[in-house]
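The structure appears below as structure tokens.
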Amino acid sequence: CKKFLEEKTNGLLTPDNYYNNSQQIRAAVNGAYLGLNSPFITTIGVAVSPVFSLEYITGYCQRPRPSGNEDNQFIQLGGIDNANSSLETWWTSSYYPIENCNSIIANVGNSTVVNATTRDNFLAEAYFLRAYYYFQLVRLFGSVPLKTTPTTDLNDTQLSRAPVESIYNQIVSDLTTAEKAGLNWTDKTGHVSKGAIKALLAKVYITMAGYPLNKGQEYYQKAYDEANQVIQSGQFSLFTNYADLRNPANYNSGEHIFMIQHDENTIPNIMHFTLMPYPELPISIQPSYSGAMAPAGSFYNSYAAGDKRVAEENFYYTQHGQYGNPSNIIKLPMPYIYKYWNDQAEISGRDGSNFPLIRYADVLLLCAEASASLNGGTTSDPIAVASYNKVHQRAFPTAAAASTIALDDVLKERYWELAFEFQTWFDMQRTRKAFDVDNNKIVNIIGYKAPMHNRAFAETDLLWPIPLTEIQKDPNLSK
Amino acid sequence: TSAFSKPSISAKAKNISGALSNAAITVKGVVTDEKGQPLPGASIKIKNGTTGTVTDVNGAFSLSVPDASAVLQVSFTGYETREVTASSSQLKIQLQPGNKSLNEVVVVGYGTSKKANLITSIASVKGDAITERPTTVNVLQGLAGKAAGVNVMTNSGKPGGNPAVKIRGTGSINSSNSPLYVIDGVVGADPNSIDPNIVASVDVYKDAGSTAIYGSRGANGVIVITTKLGKKNSSDISFNNTVSFGTLQHEINLLDANGALELLKREYEYVPGRLAPHLDPTNNFARKSDLFNVDGTPKYNTDWQKEATRTAISHQHSLTFSGGKDDFTILANISYKNNEGIMLNSYAKQLNGYINIGWDVKPWLNIKASLNAGGYQSNNIEGNTLGLNAVREMYEFLPFMPVQYPDGTYSRKGDYPGEEDSENPVRLLKDVKDVTGRISTLGNFVGTFHLAKHLNFVTSFSGQLNSGYENYFSGNDVFGVSQQQGGVAQRTNTLNSVWSNEDYFSYDNLFGKHHVNAIVGASWYDYITSATKTGSENFFDNTFSYYNLGAGTVIETPSSSQIENQLNSFYTRVNYDYDGKYLFGASFRADGSSKFRGDNLYGYFPAFNAGWRVSKENFFKGLQSVISDLKIRGSYGLVGNQEIGNYPTVSLYNSTQSIFNQQKTSAVTLATFGNPDLKWEKSQQLDLGLDVSFLNGRIDFSGDYYNKITKDLIYFVQQPATSGYAGAYKNLGSIRNRGFELTLNTQNIVSKDFKWSSSINFSVNRSKVLNINHDIIYTWGGRIMEGEPLNEFYGYIRQGVWTQAQAAEAAKFGKLPGDLRYADLNNNGVKDAGDRTDLGNAMPKWEGNFTNTFTYKNLSLFLDLEAMYGNKLLNLTRFIMTGPTINVNSYAEVLNAYTPQNQNSTNAQVRLANDPYSDHEVADSHYVEDGSFLRVRNIALTYKFNKDWLKAIKMTNLSLGVNVENAFLFTKYKGYDPEATSFDASLNQGVDVYQYPKPRTISINLNANF
């Protein structure tokens, strides 16, 4: 009878039959990337996704299609309720893939089923991704549990929050471990590359230099060095035209250091359709699921005259040809974001475009910022200045090259260049600065009321609360 | 002497004067009731013969019999049948009102029992009652209202009704709440595959005393369906036909064209001076002149509830041949049902063939074999519940649009600027096909060996093969469904095969007054199901439908799976009674399941029961003229539930896809964390019952109290995300259901020409979540929480709308006059989660069913009333359609919404979606509606033709009936029907979103026997 009752797990993968060969490890590592797209999940509301909370919180962004209280908490800075479901998505979007990384690292760490080089390259991807997810967590929530081994017993899942510094140390440790493997500087397929590792390390260091760790000079120097190594590698370059950012031929190369990989059918991108105008206008085969995000008027107006980024159909647009009848130009009621427009999606109704996570422009501006910070607010370091000029002169081709740059100019450039790429909030947090768009100056974030907000930022707004559901499941988190 | 005393003469006693003769003789006689009054219409048949007659108005009869030893069977409805030898040429036969029910045989697990000896809680429903409502398409629908404590919610108006059956409440959160079905001993058979016309009885096991013999699968009750068998030495042809006409029972009160335009006008006027597109001379949208006259009045006024529905014409036919010889019986049945749904193009068809034979092969061996095979197909028009499906569009489509414009194109909501764009319901019903079906075969072979006088050995083998399919196609021009994909075609096939073997010994003996009945046995059960799904998109032409997936240029990722599980069981039961007076029983089952491991592989399920037939005591004799039977009984036992999905004890990785280099690549992620320590969910149940029969069965009463606690709930315990998993299954928590059930069957009037009998059942169930790890599970608009009943709606109390006089107060809440005003229950000056409260329960406080049969001569009238009280529904349809920002059609009530001139309203001022927003809660007291109702479920008028007339045309029975199903509904509920859910019936009963409306069905029914 024992034999009769043996359970048959047909076609299902179980721990007993896994991590036994190179193909299995490859698939597990591929799986660890999927969490990058998890915040982009769309919920039951139209054009509602937790990912937008990261822009709504900056106050530079409006939501043309109302969606209710949860988004309003971010958009209006109404005070974020720890029951807000966006928090839970960001939390799980980090910890679930971290567990995949932990499982890979634990199971592949000493594996002999592949040769050491292959093994270390797999591990480098897992270390990078674990660092990426923890970096996301620590910046959003501050002190969170630090778990680097896979779960083996469900009676042992109550974790406590780790000091912020220990989390950053783990991130640095993971990235430096990853760096040591033999990955190439670039990876056209979209996997982790040495360029991505170093660029992320530069971002981590500059964050450690600023808030909340305030490690200062030493880390600005480290950030500068890492960014400089990326620049000196000669592997990356800015695209000449902004439209090239959207060109599928350029994915995972040139300016795109690391991206979320999409295709039209399996893992489509939500950005093209959710960012279209609301109320809907017939400018695409599928204009119905629109209205998630548009620039606040005053932020849009903060771009200087002649900035190519606000030229029609670069980062923004104010009109578009009717779908199927392009000669009929349809005026939009206000400027909308064009950064993620996908010409193919307009026709096919499917958006398969990649989403940029780390751009070379970001690294260049980091280099300039680190240098300016190291030098007391202005720098004439030729590498830093050249880096800034590259980004700035692409927007203003006729502008003269600067020879000295001020920190605030670099920060402003970051607002304009990286707008709506889910980077701005992290810049605001680590610098504790905001961009006063009405007066065109960088100000302290505390006390600044951003265009869409109902009130000024307070200290307590800088970190999001730990999701209520997680506190209920693990009361140690409220300590 | 009492009018109710036992018959004073037995058939044997009458035989004294019988003279043996070989010549045919004519016997005459008079049949009277217990008072000596003649009984017209009583039936007299020669036992084992073919001839018979009925008494005339004077109760007299005359019949030719072969000889004086012939035995006559004299019967009359409501009276005990008597056998009388034709020993005298002038017979006086007095019939006594029968207490038939006590002698009825009830099927118990692995055996049968006389109802009189039953000491467990079993509701026995005869086949006649199952088909009493002629429009019944399946057995479960027929069971609705027939047994106390059995809640059958017909949750949809689509053909077949999608009935959800719950016995004594909802006991489980993550496991199934559906009862176990047993058809002719085949455990786990599909009740929908059986034609209700061949059902002899449905026995519903409610207490642990009766279900524990089914061990790990009995926790939600067991429904045992027994099919009819042929009768020895007889032959019968039975032919049942129904033709029915279903129409929308009632329309819900939606806006007409002028109303919808008034709504739009007001939405735009939220901002003073802003004009609705049809009133704005500068807005020349494409369809403006097609839809509106120059003065802005509409050209069309379409009632979409009319356009999307029809008179559904259905017909059902069932033909049964049954009979047998001395050692052989057979029953063969073929049935066909073609049921149209009232929504266009929805249907369900079923063709079934069934045959069973019984054969006394040898004195020591009897075999029974049965085979049921059939096909079922339906067009599912309500798939994609919250999507823009046809049913939803029937509610929401704009009444000022035509079905088709004069140029033939179908209207779309987006033809009016700013409205949510979608195809109209008529188009969707026509051009989206979702055809699901199955082909099912059930074979069963039972051998009974008479090993000794009192000992049998029964062995059975059964096999089930079910092949299911779902074929979906929506064309490349259906907007919002498949246009974007260029057409979508999908085919899903499932194959599930089950075999089982049961072997048991049964022993039955009488030692003086000591009666012992026992069984002991074992069973093996093996289940395999596999599924394949393929699909493609982007078709250059719609001709291909789902017949040629290769014609699509985009191939969807195919999927397939296979699941297997096994059960191995050992069981025994012993019943003992002393003189039918003191009754005891005990049963025990050990079940082994492949779903569990190690020490938990086997679960053990004992039950005990006892009864005392008080009426058999000497001291009761004096009362017997009034209380003819009285029994007190009780049972206690432990029953299991293992319906928990597959592989919960195994950790699984999930195989999926990632994209690299814009190509699909294999990816694997962690999926579930297996819990090897998982064990069976168990329910312990106490049942106390009372069966009383008054006036020799004129009044039968049965009452039960039960207390059922499901413990070791197989509960998906949520884990912190830091573990990497959402949670894992653990045995944790408990839920209690307790209540009582009353059944009262009465023969109110029994006279010569006129009879009235009625049946009432009434049940009350209260649930309480005793322990779920202090977690709170949120369902649609509700929550499951410790200390609370299950299915509890939970949300905000709407107090109305802020008025202009309250502007200052409203501003504190960030609201404007015209915005919704919710009660600030925690008095903290903001509207937050702390303002939520209980809003009522989805399950009824009580439910009852009241059927009446009036018979006057050959004419009978049947009246079936159904009532539920206290059940709440979350009318999600009304939530979506009547909120402050509406871009679809709405309920007519929305015109009473706040305006500066009409400030005293419960509806927020209407506005466009991008106007200042009034928050609007799903779980809002305004949408949690009282669903109490009284339904005249069925009225049937049947005429039975006189048997004398029928003889001439060789018929034994012919009846013609007309009946109305779902005739009248009395309720305050604002949706179509309060008996509804759009999601699972376990934890989301009563959540109504775009319900498929129920029809009122008028049918004509013809039954003939030859």
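The values are calculated or read from the model by the stated rules, or taken from the named source; none is laboratory data. Remember, it's a predicted structure, so these values are computed and weren't measured experimentally. Heads up, the Cβs are rebuilt from the backbone with ideal geometry, glycines too, and the neighbour counts pull from every protein chain shown. Accessible surface areas use protein heavy atoms only, side chains included; no ligands, DNA or RNA. Shrake-Rupley method; radii C 1.70, N 1.55, O 1.52, S 1.80 Å.
Among the residues of region B:461-487, those that are within 12 Å of chain A (Cβ to nearest Cβ), out of contact with any Phe, Trp or Tyr (no Cβ under 7 Å at 6 or more places or on another chain) and either modelled with pLDDT of 95 or more or open to solvent by less than 30 Å² (accessible area, probe 1.4 Å) (or both) comprise B:Phe479, B:Ser482. Of all positions in region B:268-282, at least one carries a residue that is more than 30 Å from B:Asn963 (Cα to Cα), in a helix (DSSP H, G or I), under 47 Å from the mean Cα position of the chain (by Cα) and not assigned by TED's automatic domain parsing to the domain that holds B:Val107. Residues in region B:642-675 that are open to solvent by less than 40 Å² (accessible area, probe 1.4 Å), over 35 Å from the mean Cα position of the chain (by Cα) and either at positive phi or not hydrophobic (A, V, I, L, M, F, W, C) (or both): B:Ser651, B:Tyr653, B:Ser658, B:Thr669. The single residue among B:Tyr725, B:Tyr794, B:Tyr715 that is in a strand (DSSP E or B), open to solvent by less than 40 Å² (accessible area, probe 1.4 Å), farther than 30 Å from B:Leu688 by Cβ and touching a residue at least 40 places away in the same chain (Cβ under 8 Å) turns out to be B:Tyr794. Out of all the residues in region B:656-679, which are more than 7 Å from every other protein chain (Cβ to nearest Cβ) and among the small types (Gly, Ala, Ser)? The answer is B:Ala671, B:Gly674.
Taking first residues from region B:827-844 that are part of a loop (DSSP other than H, G, I, E, B) and partners that are open to solvent by 60 Å² or more (accessible area, probe 1.4 Å), the Cβ contacts under 7 Å between residues at least 6 apart in sequence or on separate chains come to B:Gly829/B:Lys812; B:Pro844/B:Tyr869.
Checked against the criteria, B:Gly535 does not count as free of Cβ contacts under 8 Å to residues at least 24 places away in the same chain and closer than 30 Å to B:Ser658 by Cβ.
Note on region B:741-783: residues that are in contact with a strand residue (DSSP E or B) (Cβ under 8 Å, 6 or more places away or on another chain) and over 28 Å from B:Leu874 (Cβ atoms) total 18.
The condition of being crowded, with 23+ Cβ neighbours inside 10 Å, assigned to a strand (DSSP E or B), in contact with a Gly (Cβ under 6 Å, 6 or more places away or on another chain) and in contact (Cβ under 8 Å) with a residue 40 or more places away in the chain holds for B:Ala348.
Of all the numbered requirements in (1) touching an Asp or Glu at 6+ places or on another chain (Cβ under 8 Å); (2) open to solvent by 50 Å² or more (accessible area, probe 1.4 Å); (3) under 28 Å from B:Asn384 (Cα atoms), B:His454 misses one, and that requirement is (3). Just a yes or no: is a residue in region A:47-61 surrounded by fewer than 20 Cβ atoms within 10 Å (Cβ to Cβ) and modelled with pLDDT under 95? There is no residue in region A:47-61 that is surrounded by fewer than 20 Cβ atoms within 10 Å (Cβ to Cβ) and modelled with pLDDT under 95. Screening the candidates B:Asn938, B:Asn946 for the property of being out of contact with any Gly (no Cβ under 6 Å at 6 or more places or on another chain) and farther than 28 Å from B:Asn155 by Cα yields one hit, B:Asn946. Can you give me the number of residues within region A:171-203 that are farther than 26 Å from B:Ile659 by Cβ and either open to solvent by less than 10 Å² (accessible area, probe 1.4 Å) or within 14 Å of chain B (Cβ to nearest Cβ) (or both)? Count: 1. Restricting attention to region A:44-81, the residues that are within 10 Å of chain B (Cβ to nearest Cβ) and farther than 18 Å from A:Glu280 by Cα total 8. Applying a threshold of 6 Å to beta carbon distances and a minimum spacing of six or more residues, or different chains, the list of pairs starting in region B:502-514 at a residue that is touching a residue at least 24 places away in the same chain (Cβ under 8 Å) and ending at one that is open to solvent by 70 Å² or more (accessible area, probe 1.4 Å) and of a type in the set (Val, Ile, Thr) reads B:Phe505/B:Val520. Selection within region B:765-791: residues that are assigned to a loop (DSSP other than H, G, I, E, B) and of a type in the set (Gly, Ala, Ser). The member of this set that is least open to solvent (accessible area, probe 1.4 Å) is B:Gly781.
A quick yes/no check of all residues on (1) among the basic types (Lys, Arg); (2) under 30 Å from B:Phe457 (Cα atoms):
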{"residue": "B:Ser506", "(1), (2)": "no, yes"}
{"residue": "B:Ala531", "(1), (2)": "no, no"}
{"residue": "B:Asn542", "(1), (2)": "no, no"}
{"residue": "B:Gln566", "(1), (2)": "no, yes"}
{"residue": "B:Arg573", "(1), (2)": "yes, yes"}
{"residue": "B:Asp577", "(1), (2)": "no, yes"}
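Listed by first and then second residue, the pairs linking a residue in region A:21-40 that is touching a residue at least 12 places away in the same chain (Cβ under 8 Å) and facing another protein chain (nearest Cβ under 8 Å) to a residue that is in a helix (DSSP H, G or I) and of a type in the set (Gly, Ala, Ser), with Cβ atoms under 8 Å apart and 6 or more places separating them unless they lie on different chains, are A:Ala28/A:Ser103; A:Ala32/A:Ala126.
Quick grid of which residues meet (1) crowded, with 24+ Cβ neighbours inside 10 Å; (2) modelled with pLDDT of 95 or more; (3) assigned by TED's automatic domain parsing to the domain that holds B:Ala123:
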site: B:Ile173; (1), (2), (3): no, no, yes
site: B:Pro179; (1), (2), (3): yes, no, yes
site: B:Asn192; (1), (2), (3): no, no, yes
site: B:Ala208; (1), (2), (3): yes, no, yes
site: B:Ser216; (1), (2), (3): yes, no, yes
site: B:Thr247; (1), (2), (3): no, yes, no
site: B:Ala260; (1), (2), (3): yes, yes, no
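Those strands (runs of 3 or more DSSP E) of region B:1-107 in which at least 1 residues are surrounded by 20 or more Cβ atoms within 10 Å (Cβ to Cβ) and modelled with pLDDT of 80 or more, considering only elements entirely within it, cover B:25-32, B:43-46, B:60-65, B:71-75, B:82-85, B:90-94. Can you confirm whether region B:1002-1010 contains a residue that is more than 22 Å from B:Phe854 (Cα to Cα), surrounded by 17 or more Cβ atoms within 10 Å (Cβ to Cβ), in contact (Cβ under 8 Å) with a residue 24 or more places away in the chain and aromatic (Phe, Trp, Tyr)? No, the conditions are met nowhere in region B:1002-1010.
Taking the numbered list (1) more than 8 Å from chain B (Cβ to nearest Cβ); (2) open to solvent by 40 Å² or more (accessible area, probe 1.4 Å) in turn, A:Asn84 passes all entries but (2). Sub-7 Å Cβ pairs linking a first residue in region A:325-353 that is away from chain B (no Cβ under 14 Å) to a second residue that is of a type in the set (S, T, N, Q) and assigned to a loop (DSSP other than H, G, I, E, B), at least 6 apart or interchain, are A:Tyr338/A:Asn314; A:Tyr340/A:Ser353, ordered by first then second residue. When restricted to residues that are over 19 Å from A:Leu36 (Cβ atoms), open to solvent by 10 Å² or more (accessible area, probe 1.4 Å) and of a type in the set (D, E, K, R), region A:334-375 contains 3.
Restricting to region B:588-635, and then to whatever is hydroxyl-bearing (Ser, Thr, Tyr) and open to solvent by less than 10 Å² (accessible area, probe 1.4 Å), can you tell me which residue is nearest to the other protein chains (Cβ to nearest Cβ)?
To start, the set of residues in region B:588-635 that are hydroxyl-bearing (Ser, Thr, Tyr) comprises B:593-594, B:602, B:604, B:615, B:625, B:628, B:635.
Next cut, open to solvent by less than 10 Å² (accessible area, probe 1.4 Å) only: B:593-594, B:615, B:635.
Working: B:Ser593: 7, B:Ser594: 5, B:Ser615: 46, B:Ser635: 29 Å.
Filtering region B:588-635 for residues that are hydroxyl-bearing (Ser, Thr, Tyr) and open to solvent by less than 10 Å² (accessible area, probe 1.4 Å), the one nearest to the other protein chains (Cβ to nearest Cβ) comes out as B:Ser594.
Scanning region B:692-708 for residues that are part of a strand (DSSP E or B), in contact (Cβ under 8 Å) with a residue 40 or more places away in the chain and either open to solvent by 40 Å² or more (accessible area, probe 1.4 Å) or within 14 Å of chain A (Cβ to nearest Cβ) (or both) gives B:Phe694, B:Ile699, B:Phe701.
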